[in-house]
Every structure is written in structure tokens, then in C-alpha cells.
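The values are calculated or read from the model by the stated rules, or taken from the named source; none is laboratory data. What you are looking at is a predicted structure, and each value in this text was computed from that prediction instead of being measured. With ideal geometry, Cβ positions are generated from the backbone for all residues, glycine too; neighbour counts draw on all protein chains shown. Please note that ligands, DNA and RNA were not included when accessible areas were found on the heavy atoms of the full protein model with its side chains. Shrake-Rupley method; radii C 1.70, N 1.55, O 1.52, S 1.80 Å.
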Amino acid sequence: MAAGSAGDAREAEAGTGRSTSERTPEGGTVEQAKEACLRLLAVRARSRAELAQRLVAKGFTAEVTDRALDRLADVGLVDDAAFAEQWVHSRHTFSGKGKHALAQELRRKGVAPADAAPALETISSDDEQSRAIELVRRKLRTLPRDLDRDKAIRRLVGMLARRGYSQSTAFTAVKAELAQADWSAELDEADSPD
């Protein structure tokens with residue numbers, strides 16, 4: 001954080017301030033709105049729609065909100081295309097989200113499809129497939145070894161579907177990894193009498 005403590009960051013994230021002067025029932029000024037945006041942006045990147053929603057909740061008028069956001073956009077601090085690119089990279093790399101989930105998250109954050117599409121296109125089908133395989137490998141380590149193969153497939157495909165991977169990508173990754181891990185051979189050995 002640039003200024004303040006972790007408590008300040010939580011307050012900025014929650015949209016609450018320490019004093020009542022931060023609440024602006026009369027509409028506030030453009031400068032006050034810009035400062036509120038900067039505090040929010042210090043916590044994490046945000047879309048224009050998210051910032052507008054937070055400013056309205058703080059009592060800023062629509063006109064003040066638009067002017068403040070326009071000024072921040074002019075200097076490059078509010079840019080939905082850049083936000084979408086950063087969001088997609090981060091959520092795909094670190095959270096393992098697939099394209100479908102990322103598109104849905106960007107829509108919820110108010111990012112226009114025209115800004116979201118180029119960011120989503122940065123994830124190739126090969127990238128998505130390799131990330132799905134990594135997730136399956138990690139999950140395979142925690143599945144019980146005596147689990148039925150069909151049940152394992154359902155669990156793994158379901159895990160990938162919840163993360164936003166298409167059904168074809170999920171099935172391809174799961175079947176490849178189960179074959180690689182030789183899941184059925186291990187089960188056959190465990191089931192066979194010694």
C-alpha cells in the first residue's frame with residue numbers, strides 16, 4: 001500500500017472510511033471522487049464499472065463519478081482493456097481458471113466484451129489444455145487410490161468444469177492424465193490377490 005496500514009486497505013476495500021467527511025451525500029467533488037478511486041486502486045486493479053459502482057455507493061453523483069473516471073482514464077489509471085488482460089493472466093496462471101469462467105468474471109466486473117475478447121484470446125487452446133492437465137495432476141495426488149475409475153473421471157471433469165474449462169478440454173485432460181498415471185493398472189494390481 002502506498003499510504004496507510006492494512007486497516008486502511010480493508011476500509012478502502014469495504015468502501016468505508018474513518019470519518020463521516022468521506023461520505024458525500026451532497027454529491028462530492030471530482031477531486032474527492034478521484035481520491036476515493038485512488039484508494040480503491042491501491043488495493044487492487046478495478047474496472048471502470050467497479051469504480052463507478054463504489055463511487056455511487058459512497059454518495060457521489062453520476063456526473064462527478066463520470067468526470068473523475070474520465071480524468072483517471074486520461075492518465076491511464078482506469079483502462080478496462082488493460083484490466084482485463086491483467087485479470088485474465090492472473091486468474092488463469094494462479095487460480096487455474098478456464099476461458100468460460102474468466103469471461104463470466106469479466107462480465108460481472110462490468111468489462112465490455114470488446115475489451116474482454118482480446119484478453120481472453122491471449123489464452124490459446126494449448127495453454128488451456130496444459131493448465132487443465134496441471135490441475136488434474138494435482139488433484140490426482142489427493143484422490144483415494146481405491147476410487148472407481150468412472151467416479152474419478154466424474155470428479156476430475158467436474159473440478160475442471162467448475163473452473164471454467166469446456167467439456168472437451170476437461171475430458172481430454174482427464175483421460176490423458178489417467179492413462180499417464182496408469183490409474184486402471186494400479187487399481188487392477190490393488191484388486192488382484194497376491
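A few comments on the model shown:
- Accessible solvent surface per residue of the range 62-194, calculated while the other protein chains remain in place, 1.4 angstrom probe, Å²: 59 Å²
- Each label point was placed 7 Å from the Cα along the Cα-to-Cβ direction; for residue 148 and residue 100 their separation is 2.4 nm.
- Simple label model, 7 Å out from Cα along Cβ direction - residue 89 to residue 57, nm: 2.7 nm
- Approximating the spin labels as points 7 Å out from Cα along Cα→Cβ, the residue 124-to-residue 44 distance works out to 2.9 nm.
- Legend: calculated FRET efficiency, residue 82 to residue 29, from the Cβ-Cβ distance at R0 = 45 Å, rounded to 0.05, equals 0.95.
- Each residue was assigned an accessible area with a 1.4 Å probe, and for residue 97 the value is about 40 Å².
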